[in-house]
1. Out of 309, 353, I need the residue that is among the acidic types (Asp, Glu), in a loop (DSSP other than H, G, I, E, B) and open to solvent by 20 Å² or more (accessible area, probe 1.4 Å). Which one?
2. Just the residues that are over 21 Å from residue 243 (Cα atoms) and open to solvent by 10 Å² or more (accessible area, probe 1.4 Å), please, taken from region 185-203.
3. Would you pick out the residues in region 98-111 that are at pLDDT 95 or above and either under 20 Å from residue 261 (Cβ atoms) or of a type outside the set (Lys, Arg) (or both)?
4. Does region 398-405 contain at least one residue that is at pLDDT 95 or above and of a type in the set (A, V, I, L, M)?
5. Kindly provide the set of residues from region 186-224 that are over 18 Å from residue 170 (Cβ atoms) and touching a helix residue (DSSP H, G or I) at 6+ places or on another chain (Cβ under 8 Å), ordered by number.
6. All but one of (1) touching a residue at least 40 places away in the same chain (Cβ under 8 Å); (2) under 16 Å from residue 300 (Cα atoms) hold for residue 46; state the number of the condition that does not hold.
7. Find all pairs meeting these conditions: Cβ atoms under 9 angstrom apart; at least six residues apart or on different chains; first residue within region 361-387 and within 14 Å of residue 348 (Cα to Cα); second residue open to solvent by 30 Å² or more (accessible area, probe 1.4 Å) and assigned to a strand (DSSP E or B).
Amino acid sequence: MVTEGTLLWQPNNFIKENAYVSKYMEWLRQTKGLQVEDYQALYRWSVNELELFWKSIWEYFDIQSSTPYEKVLVNKTMPGAKWFQGSHVNFAQHVLRQGETNKVAIHHQSEIRGLEGMTWDELKKQVLIIATELRIMGVQPGDRVAAYLPNIPEAVVAMLASMSIGAVWTSCSPDFGNQSVLDRLQQIEPKVLFAVDGYKYGGQSFDRRVEVQAIIEQLPSLKEVVYVTHLYREENQAIVDAKNWSELLNQPEIPFSQFRFEGVPFDHPLSIMYSSGTTGIPKAIVHSHGGMLLEAYKVLSLHANLGPESCIFFYTSTGWMMFNILTYALLTGSAIVLYDGNPGYPHLGTLWEIAEKTKTTMFGASPMYVNLMKKVGLSPKEKYNLSHMQSVMLSGAPSGPEIFEWIYQHVKQDLWLTSQSGGTDICSGFVTGIPIEPVYAGEMQVRALGVDVHAYSDEGETLIDEVGELVVLQPMPSMPIYFWNDDNNERLNESYFETFADIWRHGDYLKITSRGTCIIYGRSDSTLNRNGVRMGTSEIYSAVESLEQVQDSMIVNLDLEGSNSFMPLFVVLKQGAELDNSLKKKIKESIRTHCSPRHVPDGIFQIVQVPYTLTGKKMEVPVRKIIMGVPMEKAANQDAMANPTSLDYFKDFSETQLKQIISK
């Protein structure tokens, strides 16, 4: 078993010379006279000369503006930084200037539709028609356009069409319940809604027509509804007074040269995304046209190494930021792959089968999906031709050394494995990958360019080789311009700037090593503080889940009366395993050896499943609240969960076992 920091892969000279970040470094040398020896030198320049760096990104990627900008950065404080004031840009315009006419832009498959391809020519044609129809509906710049659509091409087309006319895009996945959708959309009052009739997941059909009608009735701001037939393609059972997607597309083609992209100020809202909403009303996070344009070019070209020869496939839904990131990859000219369905249906190799057929070069998924493959013993390299695959991207939760090891053993040995951590808050990564640096087990390769990220002590001191709070000391163009309906930025300040004045505190525990790599140890609000020694939950999970009998785990620390605490560990065992005294001893010894004697659990309990959000994050904080007696409906929004019934165990644990523990 590999341990944290074990060297797993190094790029060869061909990769180093041909990576897009290397081409950018050569461009800096030729046009700016800037000689940087390696990535770490480039990173230091990007944060020490923040304005010069972002100006170079503007120039290198040939950002088109109908008016010149006056200054790169005005008012450097956070929040409130103003970027490229005076410029007028359009995100969708930059996407649609890419691509060869007959080359596939979007590969797509669902449990309803077989694998198909949409060419760049067809993508542009559909976007311009839908955009024109939105204008006919009266949609103006700044109006909100919402979607209740699965991960299908219609969602990408609707997104780009909305953005092209300056409307503000937002989306919810149709697996969200009515109230979860309304919690999001009622905040922002959309003018138009794109809605689906239903979808399939795991071989089961989910009719959403009743839900769509209920959502419409509670959104008085709506002026138009566009109905996408997906599940019932042969039936004409549309929502009353709704427009049909197919009929909208049945219009004469609009010449690209005659279409008017709406040039909007750099900080004009582009999209609204939402926090997970597992413990309350989701925050409506607003990103800007210009901010996301620059950030997407930077992270997807220079860090993800995507270009016209690439094909990226990341398993996601339209309710997760990775749908936006995946779509934004079109900026680089890369093809993208959409899949709507259960990744384990009809078999767990479905995603790899699609990757093989589409000749995917970058495959992405969450660590939770890797654990599913480990559970059933799937080894993709034994069943699928992955010769085109150059890299794997892990996102959604911290990935321990055992996840890295599994990828190299069962996917491909010569593979660039990139793990990153960021968030919906910036729709990007704070720490990420780079193809010209080595890969070490359990570590994220680098801090992202232009992101002045540090690990801070409680006293506000920068830490190296020690765990601290993830903070960002200087503004980023992709930071939220505001939260929707957030008077005086009250919720925004509370979310990021309460702990350290004028410094972004993200809420993750981070260690930056002396060689520049990064390790995320989970959310700081779920930290295990035992007698003054703090530890991130991911370290415990790595030690516990390295045991062959353990499939999954969750640990929380409970503050009891009288300054006492109780730290239970909950484990999901593999089939045939038994939680006897021998296994409990092994678990405790693994934690004692690999983590800390102080963090050996006070009790170990077997559960059927760990509670997860829809985006694959373990829900330690809601579980801790439920065990401590907070009503389940107040502790967690079950509509925002992947497996809401998993909470029932912890409610019972609170009412029975915990009371017995306290009484002792």
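The values are calculated or read from the model by the stated rules, or taken from the named source; none is laboratory data. Being a predicted model, the structure only gives us computed values, none of them experimental. Please note: Cβ atoms are built from the backbone with ideal geometry, for glycine as well, and neighbour counts cover all protein chains shown. Remember, those area values only see protein heavy atoms, side chains included, never the ligands or the DNA or RNA. Shrake-Rupley method; radii C 1.70, N 1.55, O 1.52, S 1.80 Å.
1. When all the criteria are applied, what remains is 309.
2. 186, 187, 200, 201, 202, 203
3. 104, 105, 106, 107, 108, 109, 110, 111
4. No, region 398-405 contains no residue that is at pLDDT 95 or above and of a type in the set (A, V, I, L, M).
5. Across region 186-224, the qualifying residues are 197, 198, 214.
6. Unmet for residue 46, out of (1) touching a residue at least 40 places away in the same chain (Cβ under 8 Å); (2) under 16 Å from residue 300 (Cα atoms): (2).
7. Correct list of pairs: 368/618; 371/551; 374/551; 375/551.
Yes/no per residue for (1) within 28 Å of residue 58 (Cα to Cα); (2) of a type in the set (A, V, I, L, M, F, W, C); (3) touching a Lys or Arg at 6+ places or on another chain (Cβ under 7 Å):
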{"site": "457", "(1), (2), (3)": "no, no, no"}
{"site": "475", "(1), (2), (3)": "yes, no, yes"}
{"site": "478", "(1), (2), (3)": "yes, no, no"}
{"site": "538", "(1), (2), (3)": "no, no, no"}
